[in-house]
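Visitor: Dropping the structure in here first, questions after.
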Amino acid sequence: MDPLPTHHRVLIVEDEPQIAEIIDVFLAREGVSRLIARDGEDALNAASYWQPDLVILDLKLPKRDGYSVLAELRSRSDVPVIILSALGEDVDKLSGFRLGCDDYMVKPFNPLELIARARAVSGRRLRTDSGRILAIGPLRIDLDAHQASLADEILSLTPTEFRILRVLAERGGKLVTRSQIVDAAMDEEAFDKSVNPHISRLRQKIEERTQGGLRLVSVRAEGYRLEVLQ
């Protein structure tokens, strides 16, 4: 796994000084820039002026809780967010993923695992000199050429299918609800069930490439996610 790019800026949102310091020390070893925010309001202000490449976010924060911070971040940008929280119930995790977090870790935590997950989340967003490339597993999406390839084979996609695939890839394999797909990839008059036929055709095109190493998974009553096959 590639290390974090040294030009990365990581915003640590944590009100417990000892935990914030541990995270800061391990990130320092990666050579990245770090900034610590102690409450929800400071986190949003820092995100606005500092423009981080990754956010590590606690949920129990003074002034504004982490869920509120995450929702506000998602309304502004698609910056990768890893939730790091003592709240470890399934409902807590589902709430985080519904709001658009890229990963979720439960305290107490292993700092080395956190760094590994930060590398993985950051590695899903690639940049090349010739254009902007979004990647998840064997899938490559050229955002400038408006073209996607799976296992080095070009996918023949409609504009809507391309936008849906991009939304799914941007979430890095995490759950994307139907309403999120509608908002990000479809016309204003579309509704949740309008997603179904597009998903069906997109799944067929992905699964036609049996060696593609990717699967489009339905999560009942919730939405969809891309799954990298081992």
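The values are calculated or read from the model by the stated rules, or taken from the named source; none is laboratory data. This structure is a prediction, so every number in the text was calculated from the model and none was measured. Reconstructed Cβ throughout: ideal geometry from the backbone, glycine too, with neighbour counts over all protein chains shown. Surface accessibility is based on the protein's heavy atoms, side chains included, excluding ligands, DNA and RNA. Shrake-Rupley method; radii C 1.70, N 1.55, O 1.52, S 1.80 Å.
Visitor: List the pairs from Lys174/Lys205; Lys60/Lys193; Lys60/Lys205; Lys107/Lys205; Lys60/Lys174 whose alpha-carbon separation is above 31 Å, in the order I gave them.
Guide: Lys60/Lys193; Lys60/Lys205; Lys107/Lys205
Visitor: Can you tell me the dipole magnitude for the chain around its Cα centre, using point charges on the Cβ only (Lys, Arg +1; Asp, Glu -1), in Debye to the nearest 20?
Guide: Roughly 440 debye for the chain.
Visitor: Once a ≥ b ≥ c are taken as the square roots of the eigenvalues of the Cα gyration tensor of region 1-119, is the result rounded (a/c under 1.5), prolate (a/b larger than b/c) or oblate (a/b not larger than b/c)?
Guide: Rounded, because the longest to shortest axis ratio a/c is under 1.5.
Visitor: Could you name the aspartates and glutamates in cross-link range of Lys93, using Cα to Cα under 14 Å and dropping any fewer than eight places away on the same chain?
Guide: List returned: Asp58, Asp102, Asp103, Glu222.
Visitor: Please work out the average accessible area per residue across region 37-174, using the 1.4 Å probe convention, and give it in Å².
Guide: 45 Å²
Visitor: Further question on the same structure: If I model a spin label as a point 7 Å beyond the Cα along the Cα-Cβ vector, how far apart are those points for Val91 and Gln18 in nm?
Guide: 3.0 nm
Visitor: Please return the longest range in the chain lying between exposed loop sites, taking GluC sites (Glu not before Pro), DSSP loop only, at most 14 other beta-carbon atoms within 10 Å, and leaving the sites out.
Guide: In short, 90-187.
Visitor: If I compute solvent accessible area with a 1.4 Å probe over the protein chains, what percent of it on the chain is carbon and sulfur?
Guide: 46 percent
Visitor: In addition: Select from region 1-58 those chymotrypsin sites (Phe, Trp or Tyr not before Pro) which occupy a DSSP coil region and have at most 11 other Cβ atoms within 10 Å, ordered by residue number.
Guide: none
Visitor: Ok, one more. Kindly provide the helix-only [θ] at 222 nm of the chain, computed as the sum of -39,500 (n - 2.57) over DSSP H runs of four or more divided by all residues, to the nearest 500 deg cm²/dmol?
Guide: Here the helix-only value at 222 nm equals -12000 deg cm²/dmol.
Visitor: Right, next: How big is the accessible area of Arg201 in square angstrom, nearest 10, if you roll a 1.4 angstrom probe over the protein chains?
Guide: 100 Å²
Visitor: Antiparallel as a % of all DSSP beta bridges within the chain, to the nearest 5?
Guide: Restricted to the chain, the bridges split so that about 60 percent are antiparallel.
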